[in-house]
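Here's the structure we're looking at; comments come further down.
The values are calculated or read from the model by the stated rules, or taken from the named source; none is laboratory data. A quick note: this is a predicted structure, and the numbers were derived from the prediction, not measured. All Cβ positions, even for glycine, are placed from backbone atoms using ideal geometry, and neighbour counts span all protein chains on display.
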Amino acid sequence: MSMSAKSGALAPDRSGRGLSFVDLCSGAGGLALGLEQAGFDPVMVLDNHPLACETLRLNRPQWQVWEEDLRAFDPTLHQETYDVDLLSAGLPRVKAAAGVNRPGDSEAELELLRATVFVAHSVQPRALMIENMSELVTGSRYAPTRRFVEDELAHLGYQLTWIVVNAADYGVPQDRKQGIMLAFKGDAIDHFEVPAVEMRSETVGSALVESMGAHGWAGAMEWAAHADRIAPTLVGGSWNRGGADLGPTGSKRTWAKMGVDGATVVDSVPRADFVWNPSIGRPGLVPLTVEQVACLQGFPPDWRLAGRKTAQYRQIANASPPPVGRVLGRAIREALNAC
C-alpha cells in the first residue's frame, strides 16, 4: 500500500477486491458510504474542506482522503485513479430557479461540474455519476450546461442519461429530490435500470421516537404520532455565515406542524420534564440534535462528525443520503457486471 503525502492515509490495495471508485466533493461521505455499501471500494475520496476530510478519516481511516480543491486536482499526479469502475461526485448545489437573482449565481458550482468532466478525461472511468439539485436535470437555465456535459462525454465514448430521484422513495424520511447524471462507456447503459421505489413508511416520528425518549421524556410517543410525515428537504446553508437551522421559512413552518423547532439545532434530546406544547410557539416545540438530523439523512448512528455543532450540522445537511448512493450504486454495479 502507498501513503498519501497530503492526507497521511493509506491508499487502498485494489487487487482482488470489488469494483473501484473515486469520489469527488465527498463532504461528510454520504455518497461514498452508500457506494461502499453497494460493493464499491474507494481508491480516493476528495474534498477541499478540512473538517469534511477529518470526518472521512474518523470513520474510514483506511481510505485515501485527499484534501484539495477539485478545480486544482490533477489526476496525472494520482495515476492510481486511472481506469476505475466509477467516478462519482456529489457536487455543491446549483441554485434553484426561485433562489436565482443574477445570471452568475451558480457559476462556482458549475465550475466544479465542469472540473468533474475534465477529471473524467484523465481518469476514464467505466461509469460516471454526478449528483446535484433536480434543477440541474429539469431547469431550462441549465440546458447549456447539460449540452456541455453531453458533448464532452460523447467525445470520450460515453452514453448518458439524466434522472431525478427522491430520497423518500428509498427509505429516507425526507422529501429530497436529487438530480443525477449517469454515463457509461460502451453499451452498459442498456443494462442500467432506475432503482425501484422501496415501499417503506418511515416518517420523522417513527425514525426519531426512540432517540426522543432516550432521556425519559414521557411525551415522545405522543410527539411521534403527531410527526407522522416525512421531513422537508434539509438545507445546510453556507459555511461562512449564520448558525444551524433546518431550512428556509417555508421549511420551518412545515417543521412546526410536526411540533419541531426548525430554527435551531441543539446538543441534547428532551429531558424528562420537557413540556411539548406547539400552541405556545417555539418554547413548546421540540428541537432536533445533529444526531437526529443525521438519522433523517440516512446516516448510520455510529457515523462520527468532526467540528462543532454548526459545522457538523452543515456537513450532514449538505450530504447526499447514503441509502440513495447505495441503491444507485447497486444499479450501476449490475449494469457494469452485465458487460
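Does W303 satisfy being under 16 Å from the mean Cα position of the chain (by Cα), among the aromatic types (F, W, Y) and not assigned by TED's automatic domain parsing to the domain that holds P173? So that I can check it myself, show each step before the final result.
Values: under 16 Å from the mean Cα position of the chain (by Cα): yes; among the aromatic types (F, W, Y): yes; not assigned by TED's automatic domain parsing to the domain that holds P173: yes.
Answer is yes for this residue.
Taken over the stretch 198-229, the criterion of being at pLDDT below 95 and not polar (S, T, N, Q) is satisfied by E198, M199, R200, E202. If the condition is being surrounded by 23 or more Cβ atoms within 10 Å (Cβ to Cβ), more than 27 Å from P232 (Cα to Cα) and of a type in the set (A, V, I, L, M), then the stretch 173-189 contributes only A183. Would you call V293 out of contact with any Pro (no Cβ under 7 Å at 6 or more places or on another chain), of a type in the set (A, V, I, L, M), surrounded by 21 or more Cβ atoms within 10 Å (Cβ to Cβ) and within 19 Å of D47 (Cβ to Cβ)? It is false that V293 is out of contact with any Pro (no Cβ under 7 Å at 6 or more places or on another chain), of a type in the set (A, V, I, L, M), surrounded by 21 or more Cβ atoms within 10 Å (Cβ to Cβ) and within 19 Å of D47 (Cβ to Cβ). Would the stretch 191-213 turn up any residue that is under 21 Å from G262 (Cβ atoms), among the acidic types (D, E) and in a loop (DSSP other than H, G, I, E, B)? Within the stretch 191-213 (the criterion being under 21 Å from G262 (Cβ atoms), among the acidic types (D, E) and in a loop (DSSP other than H, G, I, E, B)), the answer is yes, since at least one residue qualifies. Of the residues making up the stretch 313-322, at least one is touching a Lys or Arg at 6+ places or on another chain (Cβ under 7 Å), closer than 30 Å to A196 by Cβ and in a loop (DSSP other than H, G, I, E, B). As for the stretch 279-297, it holds at least one residue that is part of a loop (DSSP other than H, G, I, E, B), within 17 Å of the chain's Cα centre (by Cα) and not hydroxyl-bearing (S, T, Y). Kindly indicate whether Q159 is under 21 Å from the mean Cα position of the chain (by Cα) and either in a helix (DSSP H, G or I) or not assigned by TED's automatic domain parsing to the domain that holds G247 (or both). Considered against the rule, which asks whether it is under 21 Å from the mean Cα position of the chain (by Cα) and either in a helix (DSSP H, G or I) or not assigned by TED's automatic domain parsing to the domain that holds G247 (or both), Q159 comes out as no. The requirement of being closer than 22 Å to K185 by Cβ and surrounded by fewer than 20 Cβ atoms within 10 Å (Cβ to Cβ) is fulfilled nowhere in the stretch 98-108; no residue meets it. Here N277 passes the criteria (1) surrounded by fewer than 17 Cβ atoms within 10 Å (Cβ to Cβ); (2) at pLDDT 95 or above; (3) polar (S, T, N, Q); (4) within 30 Å of M129 (Cβ to Cβ) except the one numbered (4). Which of the residues belonging to the stretch 129-143 are among the aliphatic types (A, V, I, L, M), surrounded by fewer than 22 Cβ atoms within 10 Å (Cβ to Cβ) and more than 13 Å from R93 (Cβ to Cβ)? Answer for the stretch 129-143, where residues must be among the aliphatic types (A, V, I, L, M), surrounded by fewer than 22 Cβ atoms within 10 Å (Cβ to Cβ) and more than 13 Å from R93 (Cβ to Cβ): just A143. Restricting the search to the stretch 190-211, which residues are crowded, with 17+ Cβ neighbours inside 10 Å, in contact with a strand residue (DSSP E or B) (Cβ under 7 Å, 6 or more places away or on another chain) and either within 23 Å of L246 (Cα to Cα) or not aromatic (F, W, Y) (or both)? Correct list: V204 only. Which members of the stretch 144-172 meet the condition of being surrounded by fewer than 16 Cβ atoms within 10 Å (Cβ to Cβ) and among the aliphatic types (A, V, I, L, M)? Result: A154, L156, I163, V164. Just so you know, in the stretch 9-34 the residues that are among the small types (G, A, S) and out of contact with any helix residue (DSSP H, G or I) (no Cβ under 8 Å at 6 or more places or on another chain) include one that is modelled with the lowest pLDDT, and it is S15. The lone criterion from (1) surrounded by fewer than 21 Cβ atoms within 10 Å (Cβ to Cβ); (2) assigned to a loop (DSSP other than H, G, I, E, B) left unmet by L246 is number (1). Taking the criterion of being buried (at least 23 other Cβ atoms within 10 Å of the Cβ) and among the hydrophobic types (A, V, I, L, M, F, W, C), the residues of the stretch 304-326 that qualify are L305, I316, A317, A319, V324.
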